[in-house]
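The values are calculated or read from the model by the stated rules, or taken from the named source; none is laboratory data. What you see is a predicted model, and the numbers here were worked out from it, not measured in a lab. In this analysis, Cβ positions are derived from the backbone assuming ideal geometry, glycine residues included, and neighbour counts consider all displayed protein chains. Calculation scope for accessible area: heavy atoms of the full protein, side chains included, ligands and nucleic acids excluded. Shrake-Rupley method; radii C 1.70, N 1.55, O 1.52, S 1.80 Å.
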Amino acid sequence: TEPCGLQDAAILRVDSPFDYEQQAALYVPQPFAKPSDPGHTEAVARLALRGAVQLQGRTMVLTTTLRALRGIGEWLARELDGQLDVLVQGQWPKRRLIERFREGASHGQRGCVLVASASFWEGVDVPGRALRGLVLGKIPFRVPSEPVTAAQCEAIDGAGGDSFGEYMVPHAALRLKQGFGRLIRTATDRGVVVICDPRVVRKSYGRALLAGLPPAKRIEGGWPVLLEQLRVFYGTTLSTT
């Protein structure tokens, strides 16, 4: 309400109709490459590959930059080598990409991995079995040098405030929640969200970001535990690799 200039607004908070503790699980891999590390993009791609092979597709990867988008898309396409269809934002119109991803492995087609950024963090609806694994590459912070963001931060700091805590973190929390929301679209959807950014557990502001997400079950213990949760949500036998 504060950024909108509302001082005495009446606020109503309505609970979600979804049972997130039963329908969704959240996994933050540790140890994992820092977002600033040169190997972070490939680390995200490797994790996405491992999950996608287990799920026979049914995996969406959301990035925060076009560079990561291209890097992950190219790496997955090369490593999968036709085993699954790798759909990358910009390859086709957005509507066609979503339609193909929804089709998944139906009608004799190969399963799909969708790699996207920007507008795909919100407004994308893939209910049902077509999506079981959602990989979020980084905390979706605004770019500090972007003109509107820079002006907002300058105004907050100039008034004696904390632009990072008052502007950057709240926006990232909302964006992260929107990204998470791509997974559970109906009362029967199930799946795992993986956040490939260790800052959500290592930084003090990370607790606020996690607290703002739906109350999904937290996965601890590494790949074997994650695999078991994928097995439960996928509803079939998965290999142990």
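Key figures for this structure:
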{"read-out": "Unique residue being without any contact (Cβ under 8 Å) to a residue 60 or more places away in the chain and either open to solvent by 30 Å² or more (accessible area, probe 1.4 Å) or within 18 Å of the chain's Cα centre (by Cα) (or both) when the list is A77, A25", "value": "A77"}
{"read-out": "Of all residues in the stretch 126-143 being open to solvent by 60 Å² or more (accessible area, probe 1.4 Å) and not in a helix (DSSP H, G or I), the one that is farthest from R231 (Cα to Cα)", "value": "V143"}
{"read-out": "Considering residues of the stretch 80-117 that are under 20 Å from R175 (Cα atoms) and not β-branched (V, I, T) only, the residue surrounded by the most Cβ atoms within 10 Å (Cβ to Cβ)", "value": "L114"}
{"read-out": "Flag if R13 is free of Cβ contacts under 8 Å to residues at least 12 places away in the same chain and of a type outside the set (S, T, N, Q)", "value": "yes"}
{"read-out": "So A10, is it open to solvent by 50 Å² or more (accessible area, probe 1.4 Å), more than 25 Å from E146 (Cβ to Cβ), small (G, A, S) and modelled with pLDDT under 95", "value": "yes"}
{"read-out": "Enumeration of residues in the stretch 170-198 that are under 17 Å from E2 (Cβ atoms) and either open to solvent by 30 Å² or more (accessible area, probe 1.4 Å) or out of contact with any Leu (no Cβ under 7 Å at 6 or more places or on another chain) (or both)", "value": "P170, H171, L174"}
{"read-out": "First in the stretch 38-59 and closer than 22 Å to L97 by Cα, second anywhere and open to solvent by 40 Å² or more (accessible area, probe 1.4 Å) and assigned to a helix (DSSP H, G or I), Cβ under 6 Å, 6 or more apart", "value": "L49/E79"}
{"read-out": "Selection within the stretch 13-22 - in contact with a Pro (Cβ under 8 Å, 6 or more places away or on another chain) and either loosely packed, with under 10 Cβ neighbours inside 10 Å or not hydrophobic (A, V, I, L, M, F, W, C) (or both)", "value": "S16, Y20, E21"}
{"read-out": "All positions within the stretch 144-169 that are open to solvent by less than 60 Å² (accessible area, probe 1.4 Å) and not in a helix (DSSP H, G or I)", "value": "G161"}
